[in-house]
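Okay, so here's the structure we're looking at.
The values are calculated or read from the model by the stated rules, or taken from the named source; none is laboratory data. Because the structure is a prediction, the values reported are computed rather than measured. Because the Cβ atoms are built from the backbone with ideal geometry, glycine has one as well, and the counts that use them run over all protein chains shown. These area figures cover heavy atoms from the full protein model, side chains too; ligands, DNA and RNA do not enter into them. Shrake-Rupley method; radii C 1.70, N 1.55, O 1.52, S 1.80 Å.
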Amino acid sequence: MDNQIKISDFVKLTGSTLKTVLYYDKIGLLKEPKRSPNGYRLYGAEELSHMLMIKHLKTLSLDLKQIKEILGDANEQTNLNEILKALQTDLLKEKKRIDEQLSRVETLLKQQITPLEKASFESETFEMVTNILETTKVEKQIHSYTELFDQQRNIFSIIEDFKWGKDYKDNFIEIAAYFKLHPEKYKTALGFGKRLAKLKEMHEDDPEVEALAKEGSDFIKSIPLLKEKLCNQSGFGMTYENLLNELTDDYFCSP
């Protein structure tokens with residue numbers, strides 16, 4: 001009895017409130033306290049230890065149900081360690097997810113400010129393609145065409161978000177794998193891409209338009225894989241094609 005205190009002193013020692021302690025008693029988070037001859041609730045060292053553990057576990061953002069499950073076997077140290085290790089694993093996964101989200105936000109913030117409806121977002125396919133190419137000696141070629149690189153990233157984002165065509169992802173990955181093995185061909189393809197980006201500044205009668213069409217066609221036909229993936233395809237359908245052109249127009253025609 002000498003080592004036991006009334007609920008008012010228990011509240012003061014634990015920095016809690018009377019309402020909280022009574023609630024914990026009610027839901028079984030704290031064991032039913034002993035009673036004095038006069039019916040007063042009495043708390044001792046065991047209850048103080050329980051309350052101390054509850055406060056520590058709450059700092060881990062555990063809810064009361066989880067805390068009750070842990071304290072139900074609190075005397076089994078191995079069980080408690082397993083639960084805390086599982087919690088640690090979950091928190092690390094959540095941290096990784098948050099870090100990835102922050103990275104995406106930072107990437108978007110670095111991009112040129114654009115209206116929300118014209119904003120582009122990360123493309124899984126584009127990331128896979130660039131990862132394939134950046135492991136080769138064509139890496140410097142990729143980054144030397146910054147405007148074209150950003151343009152293609154935006155276009156990939158639109159194509160991927162709306163699933164315009166079948167097998168587009170596999171096709172792009174196969175083409176990237178080919179260019180990984182043939183960096184000189186990739187350099188030529190980038191050159192065509194850079195020339196295509198300048199078409200917006202040309203008159204339709206400019207000789208470069210016809211020359212680019214012929215040279216680009218000859219280049220594609222000279223590579224069996226490109227011919228297979230890019231020629232004689234069914235396309236998206238007229239309505240889809242017009243919609244895609246409208247959506248991507250700002251990226252192709254941006255200064």
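All told, SER234 falls short of being out of contact with any Leu (no Cβ under 8 Å at 6 or more places or on another chain), at pLDDT below 80, surrounded by 15 or more Cβ atoms within 10 Å (Cβ to Cβ) and of a type outside the set (Phe, Trp, Tyr). Here LEU92 passes the criteria (1) of a type in the set (A, V, I, L, M, F, W, C); (2) out of contact with any helix residue (DSSP H, G or I) (no Cβ under 8 Å at 6 or more places or on another chain); (3) modelled with pLDDT under 75 except the one numbered (3).
The set of residues from the stretch 60-80 being within 28 Å of the chain's Cα centre (by Cα) and modelled with pLDDT of 85 or more comprises just one member, ASP63. Pairing residues of the stretch 17-37 that are within 17 Å of SER49 (Cα to Cα) with residues that are open to solvent by 70 Å² or more (accessible area, probe 1.4 Å) and outside any loop (DSSP other than H, G, I, E, B), at Cβ distances under 6 Å and at least 6 apart in sequence or on separate chains, gives LEU29/LYS68. Here ILE113, ILE83 are screened, and the one residue that is within 30 Å of SER49 (Cβ to Cβ), at pLDDT below 75, open to solvent by 40 Å² or more (accessible area, probe 1.4 Å) and hydrophobic (A, V, I, L, M, F, W, C) is ILE83.
Among the residues of the stretch 23-36, those identified as part of a helix (DSSP H, G or I), open to solvent by less than 70 Å² (accessible area, probe 1.4 Å) and not aromatic (Phe, Trp, Tyr) are ASP25, ILE27. At least 1 residues being open to solvent by 40 Å² or more (accessible area, probe 1.4 Å) and modelled with pLDDT of 75 or more is the threshold, and among the helices (runs of 4 or more DSSP H) wholly inside the stretch 124-215 those reaching it are 124-134, 168-181, 183-197.
Residues in the stretch 37-76 that are among the basic types (Lys, Arg) and under 17 Å from LYS26 (Cβ atoms) were compared, and the one that is most open to solvent (accessible area, probe 1.4 Å) is LYS65.
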